Amino acid sequence: MWSRLAAAVPLITLLWSAVACDNATVASAYDSLLPTADATECLPSACTPSGEAPEPEFKIGTNEAGLIEVAAFTEAIDQAEVPVIFGGQGAWMVVLAVATNQLDCCVERVNIRAQLATVDGSNVLGMINYRRRPLLKGDDGKRYLMNTWMVLGDEAKWKDQSAVLTLSFEPYGGGPILEKTVTVTLRKDSTVVTPAAPALRLGTHAKGAKSSDAFLELADGDDLEVVVDEGGSLGLVLATSASSLAAEVDKVVLQATLTSPDGSEEFGSSSWNDQPLAAGSDGLDYVLDLWMGFNESAMWQDREAILAVQLESVGAEATLKKSVTVTLRRQASQ
């Protein structure tokens, strides 16, 4: 009887090893309960056609957007140029990829973290943190992570900038963490058509400013500062920028409202007639230093609000509209 049990042990061990490398069970929490697979099956050397242990490789790079074939992988070495594309979601992005031979054959998915920052570390340009990203197997014995997107934001912040790319990942479910850092140059993809500027932009600036250079565009989610005028009244300093007005238009009429997101409360409203346009150095038309007073009873502090503005050309049939969601903040000096 003991001889039969002894003979069964290698068979049991082999069956457990097969289960441990089963693709269907790798991402399962049950994996932690399974015996460790035989070392000859799950070493990097077992993933190469020759069976010889390769030199350790962990490369970070890019691929053409949308391609998941491992042949599309391009390594990003120090000082390499990395293309930035304008994605279908309406944002500037880089496409990241990884190639490595330092994962065992059982690993099918990884958790990945990556960051792009200015060389001095003062500004983070983009960051991602993804879990359970699938890997591809290459004929060269490497495992590939392809087509991983990182949003960068406004073009002015990254265009032609040197940036430090740091990327790390680990097997989903635990394992050795692989990490690498390279310095790259971010270039706008030459095949990308820059999106047209919005017909109307909303902004603000320091009270009393007369130059379009002071214009600060407002985007959804921005804070908007509530200030006090010379008479002690609360209000907002607003400005607009337009890109589609006829050349003969030199004055506009504007209306603005500031309401709670559900429309149940109005924090303020104003209208301005025959406002002159100021030509900016960027070729856009600006209206500056618009004062919107607050309703005296409005409970606005640290509240989210919708700012909606309508602009009509004087002497021409053109109407532009724009709205943004902002958070109202009291001026810091008050």
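Per-structure values
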read-out: The one condition in (1) farther than 22 Å from PHE215 by Cα; (2) out of contact with any Lys or Arg (no Cβ under 9 Å at 6 or more places or on another chain); (3) not aliphatic (A, V, I, L, M) that THR319 fails to fulfil; value: (1)
read-out: Given (1) closer than 27 Å to VAL82 by Cα; (2) touching a residue at least 60 places away in the same chain (Cβ under 8 Å); (3) small (Gly, Ala, Ser), number of the condition SER168 does not satisfy; value: (2)
read-out: Any hit, segment 94-105, residues being in contact (Cβ under 8 Å) with a residue 60 or more places away in the chain, surrounded by fewer than 19 Cβ atoms within 10 Å (Cβ to Cβ) and in contact with a Pro (Cβ under 6 Å, 6 or more places away or on another chain); value: yes
read-out: Which numbered condition THR319 misses (of (1) modelled with pLDDT of 95 or more; (2) more than 29 Å from the chain's Cα centre (by Cα)); value: (1)
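The values are calculated or read from the model by the stated rules, or taken from the named source; none is laboratory data. All values derive from a computational prediction rather than experimental measurement. Neighbour counts run over all protein chains shown; Cβ positions are idealised from the backbone, glycine included.
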